[in-house]
Amino acid sequence: MTDLNKVMVEKYRNDFLKEVEANVEEGNWVKMCMQCGVCSGSCPLGPHWEHPPQEIFMMIRAGKRDEVLRSESMWMCTSCYNCIVRCPRELPITHIMHGLANYAHRLGIAPKLNPTRRFAKMFWNNITAGGRVNELKLSVGLYFMDGFASGIKKGLEMLPVGLGMLKTGRLNPFGLFSGGHCKGAGDIRKMIKKAKEIEDKRKGFAA
Amino acid sequence: MTDVVATNETILVVGGGISGMTAALEAAECGKDVVLLEKSPSLGGRVSQLYKYFPKLCHPTCGMEINLKRIKANKRIRVLTLAEVSAITGKPGDYTATIRISPRYVNEHCTACGACAEAVAAEFDNEFNYGMGKRKGAYLSSAMAYPQRYVIDPRILGTPDAEKAKSACKYNAVDLGMKEETVNLKVGAVVWATGWKPYDANKIQPYGYDRYKNVITSVEFERLMDPFGPTGGKLVRPSDGKEAKNVAFIQCAGSRDRNHLKHCSRICCMASLKQSTYVREKYADDANVSIYYIDIRAIDRFEDFYKRIQADPKVKFIKSKVANITEDKATGNPILHGVDTEGYHRYDNPHDLVVLAIGMEPSVDASRIMPGVKADASGFIDINATTEAVFGAGCASNALDVNRSVQNATAAALRAIQVVNRVSRAEA
Ligand SMILES: Cc1cc2nc3c(=O)[nH]c(=O)nc-3n(C[C@H](O)[C@H](O)[C@H](O)COP(=O)(O)OP(=O)(O)OC[C@H]3O[C@@H](n4cnc5c(N)ncnc54)[C@H](O)[C@@H]3O)c2cc1C
Ligand code: SF4
Ligand code: SF4
Ligand code: SF4
Ligand code: SF4
C-alpha cells in the first residue's frame, strides 16, 4: 500500500461513500443515483465493462473500496456523454468516472498496465513539458508502449495517415528532435505546479 | 344566443371530466348554482377513454352513467360544451369569466340518429382514440357521449359534405349558420378541473415512439381494448395487425426524469398492472407480459392488487429502466436494450408490442390561468400558494387516480361553497 492510500483508509475507515464525496471530482453526486440502469444500458462500451457505472455507484455505497479503486472499469470511459444526457437524475457520470480513475491513480492503486492510464500519463507528461502537445512524440510513444516490435508494426500501419498529415502541414516532421514548446512553457509549468499544490492541499493529499 | 343566468353566488366549474362533474354535483346538491364548462363536445374526460378501471376492474361506463344521471336530474347545473374560458377578472366572490363557445352546428333537436354521419364522406383522425383510426366529419365523439348530440366538424363547412349533412337530417337539427359566441358570466368562485394530458412520447428519443409503429402509449393501449375502439377491441399491433401476445410495459416513460417530467405520475404503475390483465384476458396462457420498472409504486391499499399480479406466472417484473429500443426490421418486433439492477445482466429482449406507461402532465399550466393562481414545479395548481378563489380539482391539482380525483374535487367544491356562502351572508 502506498502511504497516501494508507492515510485515506485510516481517515475514512468504512465510509467509502464519504471518501468519494470528499476526494473524487463530482463525487457528491453518487448518492443521488436511483439505480435505474439507464447509464449502463446506454454506454457503448457496456458489454466490455467489468462494472458498468450504475454498479460502480452501488459498490461505492456498499463500501467496496478496493474493488472499485483497483477496477479497470472507469478507465474504459470514452467520454461519449451518452449516459449524462440520459440519466434521469442528471448525474455527471462521465466526470465521476474520470474522477474515480484519477483518484485511484493518485492513491497509486490504479491498475498498472491499464492502457488508458498509461496513455493519459504519457499525454500529461507531453503536454506539461511544452505547454502544448507534441503530436509526433506522443504518437511514437504510444506505438512503442507495448515494446519495439509492435511499435514498428503499428507505425507502418499508420504510415499513410502520417504522410498525409505531413503533406497538409498537420504534423511537424522535426517535432521528434525539437522541443516544439510554446512560448513561456516554463511559466505554464509553474502554473500547473501551483494548481496542483492548491488541489492537493484542498483534498488533503499534501504530504 | 346562449342565455346563462349567473350571479356572484354561482360556482363556475371548468372542465367536465370526472373531477369537474363531481365538483359540480357536490356543489349543486348543496343547493348552489353551477355552470359546468367543457372544452370538448361531451362530458366524461379521460376516464371515458379507459377500457376498465382499477382497482375493481369495472367498465367506466357504469360510474359515468350514475354521474350523468345525477347531472341530468339537477336543475342547478348548467352544462356548456365546446366552451373555454378566455379570461377571469375580479376578486374572490366577484369574478367575471369570459367564455368562448364554439359552434356545434347541431341544435337541441338532434336525436343522435346518425343519418348526417352516413351522408358525409370526409374523415378525420379520431381524437377520442388518440388519433388512431378515423371518424366522419359529422360525428358523436363516443357511444356514451353526453350530451347525445352530433357535432359537425368545422373543416367540412363550405364543402358539399356540409350540405349533405343538412339535407340528411330529418329533424332540422343541422344549423350551419351557428357562430362562435363570447359570453361574460358573473361568478363567485371557480373550481378548476381541466385535468391532464399524456406527456409527448416523441420527446423520449431513445424509445422511438416516432419511429417504431409497435411502440405505443398506455392511453392508446386502453383504446385498443375498447369494442368501439380503432381495432374493434382486438389486441393487435399497429404495424401488421398481428396478435400482440408478448407485450412489454416501460414504466416511468417521461416521469421521474429531470429531462422530462420531474414528478412521479403516480397512476402509471397501477395502470400497467391493470393493463397486464388485459393481455391475459385476451390471450390467456399464450400471453406474456414483461414490466420494466424502477420501483413499483402501488400506493397504499393498491398493494393487494400488485401482489395479485405478482403471483401471476405470466407476468414478469424486470427491475430496470430500459435504455433504448431498436427495431428488428424483418419481424417489426421492438427490441428493448438495457441492464437489470438485480445482477447487472445485459438484455436485448424482443417483444410483439411495447407500451410506454406515459407520464401525466397538467393540460393547462396553472400559472397561465390568471395572476394569483400559482403553479407547482410541474405546472399543477398549488392551492397553498394561490390567493384567488380558484380551486384545483382532480388532475389539475396533481397526478391522481379516479378515487383521489373525486375526493380532491369534493374538497374543491367545499372550498368554493365557503366563498359563495360568504358572499350571500354579506348580501343578506
Ligand atoms: C393509461 C392510464 C390509465 C388509467 N387508468 C386508471 C384506472 O384504471 N383507475 C383510475 O382510478 N385512474 C386511472 N387513470 C387516471 C385517470 O385517468 C384520472 O384520474 C382521471 O382522468 C382524472 O380526471 P379529471 O377529471 O381530473 O381529468 P380529465 O379526465 O383529464 O378531465 C378533464 C376535462 O377537462 C376538459 N378540459 C381541459 N381543458 C379545458 C379547458 N381549457 N376548458 C374547459 N375544459 C377543459 C377536458 O376536455 C376533460 O374533459 C389512468 C390514467 C392513465 C394515463
Ligand atoms: S442513469 Fe443515473 S440514476 Fe440511473 S443508474 Fe445511472 S447514474 Fe443512477
Ligand atoms: S461517457 Fe463513459 S460511461 Fe458514459 S456512456 Fe460514454 S463511455 Fe459510457
Ligand atoms: S344532426 Fe340530425 S341527422 Fe345528425 S344525428 Fe342529429 S338528428 Fe340525426
Ligand atoms: S407511478 Fe410508477 S410508472 Fe408512474 S411515474 Fe411513478 S414510479 Fe413511474
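Given Cα pairs under 8 Å that are at least 6 residues apart, what percent is the relative contact order of chain B?
It comes to 19 percent, rounded to a whole number.
Given +1 at the Cβ of Lys and Arg, -1 at the Cβ of Asp and Glu and no other charges, the dipole of the protein assembly as shown around its Cα centre is 1560 debye to the nearest 20. Here the Karplus relation 6.51 cos²θ - 1.76 cosθ + 1.60, evaluated at θ = phi - 60°, turns the backbone of the stretch B:416-428 into coupling constants of 5, 4, 4, 5, 6, 5, 4, 4, 5, 5, 5, 8, 6 Hz, with x for every Gly and Pro.
Annotation: lysines with alpha-carbon distance below 27 angstrom to A:Lys196 (same-chain offsets under eight excluded): A:Lys6, A:Lys11, A:Lys18, A:Lys112, A:Lys121, A:Lys137, A:Lys183. Summed over both chains, the area buried between A and B is near 1500 Å², taken from the accessible surface of protein heavy atoms with a 1.4 Å probe. Going down the table (B:Lys32/B:Lys56; B:Lys39/B:Lys203; B:Lys213/B:Lys374; B:Lys52/B:Lys197; B:Lys52/B:Lys72), which pairs top 30 Å between alpha carbons? Check vs 30 Å cut-off fails for B:Lys32/B:Lys56; B:Lys213/B:Lys374. To the nearest ten degrees, helix A:3-12 and the longest principal axis of the Cα atoms of chain A are 30 degrees apart. Computed from phi, the 3J(HN,Hα) profile of the stretch B:158-167 under the Karplus parametrisation 6.51, -1.76, 1.60 (θ = phi - 60°) reads x, 9, x, 4, 4, 5, 4, 4, 4, 6 Hz, with x in place of Gly and Pro. Altogether, the Stokes-Einstein calculation at 10 °C and 1.306 mPa s, with the Kirkwood radius of the stretch A:3-111 over Cα pairs as Rh, returns a diffusion coefficient of 116 µm²/s. The charge dipole of the stretch B:19-107, taken about the Cα centre with unit charges on the Cβ atoms of Lys, Arg (+1) and Asp, Glu (-1), comes to about 200 debye, rounded to the nearest 20. Note on B:Lys213: accessible area approximately 130 square angstrom, rounded to 10, probe 1.4 Å, nucleic acids and ligands left out. As a fraction of the 1.4 Å probe accessible area of the stretch B:1-128, surface on carbon and sulfur atoms comes out at 49 percent. Estimated from helices alone, the mean residue ellipticity of chain B at 222 nm is -7000 deg cm²/dmol (sum of -39500 (n - 2.57) over DSSP H runs with n ≥ 4, per residue). Comparing chain B with the 2.2 N^0.38 Å rule of thumb, its C-alpha radius of gyration ratio is 1.04 (two decimals). With a Förster radius of 35 Å, plug the Cβ-Cβ distance of B:Glu427 and A:Lys31 into 1/(1 + (r/R0)^6) and report the FRET value to the nearest 0.05. Once rounded, the FRET efficiency stands at 0.05. Coupling constants for the stretch A:188-205 follow from the phi torsions by the Karplus curve (6.51 cos²θ - 1.76 cosθ + 1.60, θ = phi - 60°), and in residue order they are 4, 4, 5, 4, 5, 4, 5, 4, 5, 4, 4, 4, 4, 5, 4, 8, x, 7 Hz; glycine and proline get x. Provide a list, ordered by number, of residues in the stretch A:19-60 showing at least 50 Å² less accessible area with every protein chain present than when their chain is taken on its own, using a 1.4 Å probe. Those are A:Met34, A:Cys36, A:Gly41, which lose 50 Å² or more relative to the chain on its own.
Packing-wise, with mean Cβ within 10 Å as the measure, how do B:264-276, A:17-29 rank, highest first?
Packing order, densest peptide first, comes out as B:264-276, A:17-29.
Could you provide, to the nearest whole Å², the per residue accessible area of the protein assembly as shown with probe 1.4 Å? The answer is 48 Å² per residue. Positive-end ranking of B:Pro362, B:Asn398, B:Ala416 along the dipole of the stretch B:320-428, with charges on Cβ about the Cα centre, is headed by B:Ala416.
Comparing each chain alone with all protein chains together (probe 1.4 Å, DNA, RNA and ligands left out), the residues of the stretch B:294-336 losing at least 10 Å² of accessible area are B:Ile294, B:Lys321, B:Ala323, B:Asn324.
Test of understanding: what is the full-extension gain from B:Glu118 to B:Arg258, defined as 0.36 nm times their sequence separation minus their Cα-Cα distance?
Full-extension gain reported as 45.6 nm.
Relative to the globular-protein estimate of 2.2 N^0.38 Å, the Cα radius of gyration of the stretch B:324-428 stands at 1.76.
Across all directions, the shadow cast by the convex hull of chain A built on its C-alpha atoms averages 13.9 square nanometres.
Adding -39500 (n - 2.57) for every DSSP H run of four residues or longer, then dividing by how many residues chain A holds, sets the calculated 222 nm ellipticity at -17500 deg cm²/dmol. Pairwise Cα distances in the protein assembly as shown exceed 37 Å in 53 percent of cases. Positive-end ranking of A:Ser150, B:Cys30, B:Ser378 along the dipole of the protein assembly as shown, with charges on Cβ about the Cα centre, is headed by A:Ser150. Interface burial in the stretch B:225-263 reaches 30 Å² or more for B:Arg256, B:Arg258, B:Asn259, comparing the full protein assembly with the chain by itself; accessible area from heavy atoms with a 1.4 Å probe. Using the Stokes-Einstein relation with a Kirkwood hydrodynamic radius computed over Cα pairs, the translational diffusion coefficient of the stretch B:115-160 at 25 °C and a viscosity of 0.890 mPa s comes to 223 µm²/s.
Magnitude of the charge dipole for the stretch B:232-320, about its Cα centre and with charges confined to Cβ atoms of Lys, Arg (+1) and Asp, Glu (-1), is about 200 debye. Between the residues A:Gly27, A:Tyr12, A:Leu45, the greatest Cα displacement towards the positive end of the dipole of the stretch A:12-126, with unit charges on the Cβ of Lys, Arg, Asp and Glu, is found for A:Tyr12.
Spacing of the modelled spin labels on A:Val161 and B:Ile66, each 7 Å from Cα toward Cβ, amounts to 7.3 nm. Close amide H contacts of B:Leu353 (hydrogens built in the peptide plane, cut-off under 5 Å, sequence separation of 5 or more or a different chain): B:Asn246, B:Ala248. At an R0 of 56 angstrom, the distance between the Cβ atoms of A:Glu50 and B:Asp210 translates into a FRET efficiency of 0.95.
Mean per-residue shielding of peptide A:87-93 is 3, counting Cβ atoms of other chains within 10 Å of each Cβ. The stretch B:379-409 and the stretch B:115-182 have their alpha-carbon centroids 34 Å apart.
Of the solvent-accessible surface of the stretch A:3-111, computed with a 1.4 Å probe and all protein chains present, 51% belongs to carbon and sulfur. Taking amide hydrogens as placed 1.01 Å from N in the peptide plane, the amide H of B:Gly233 sits under 5 Å from those of B:Asp226, each at least 5 positions away in sequence or on another chain. In units of the compact-protein estimate 2.2 N^0.38 Å, the stretch B:21-160 shows a Cα radius of gyration of 1.18. Rounded to the nearest whole angstrom, the semi-axes of the ellipsoid equivalent to the stretch B:199-360, taken from the Cα gyration tensor as √(5λ), stand at 21, 19, 16, largest first.
Amide H to amide H distances under 5 Å link B:Cys110 with no residue, where only residues 5 or more positions off or on other chains count and H is placed in the peptide plane. Cα gyration tensor of the stretch B:67-143, axes a ≥ b ≥ c as square roots of the eigenvalues: rounded (a/c below 1.5), prolate (a/b > b/c) or oblate? Prolate is the answer for the stretch B:67-143, as a/c is 1.5 or above and a/b outweighs b/c.
Projected label points at A:Leu113 and A:Ala22, each 7 Å from Cα along the beta carbon direction, are separated by 3.5 nanometres. Distance between Cα centroids, the stretch B:24-62 to the stretch B:317-343: provide it in whole Å. If you average the Cα positions of each part, the centres end up 37 Å apart.
Here A:Asn172 and B:Lys56 are evaluated by their C-beta separation; at R0 = 51 Å the FRET efficiency comes out at 0.05. Modelled spin labels at B:Lys314 and A:Lys196, positioned 7 Å past Cα toward Cβ, are 6.7 nm from each other.
The values are calculated or read from the model by the stated rules, or taken from the named source; none is laboratory data. It should be emphasised that the depicted structure is a prediction, and the values quoted were computed from it without experimental measurement. FYI the Cβ positions are ideal-geometry reconstructions off the backbone, even for glycines, and counts take in every protein chain you see. The area values use the complete protein model at the heavy-atom level, side chains included, leaving out ligands, DNA and RNA. Shrake-Rupley method; radii C 1.70, N 1.55, O 1.52, S 1.80 Å.
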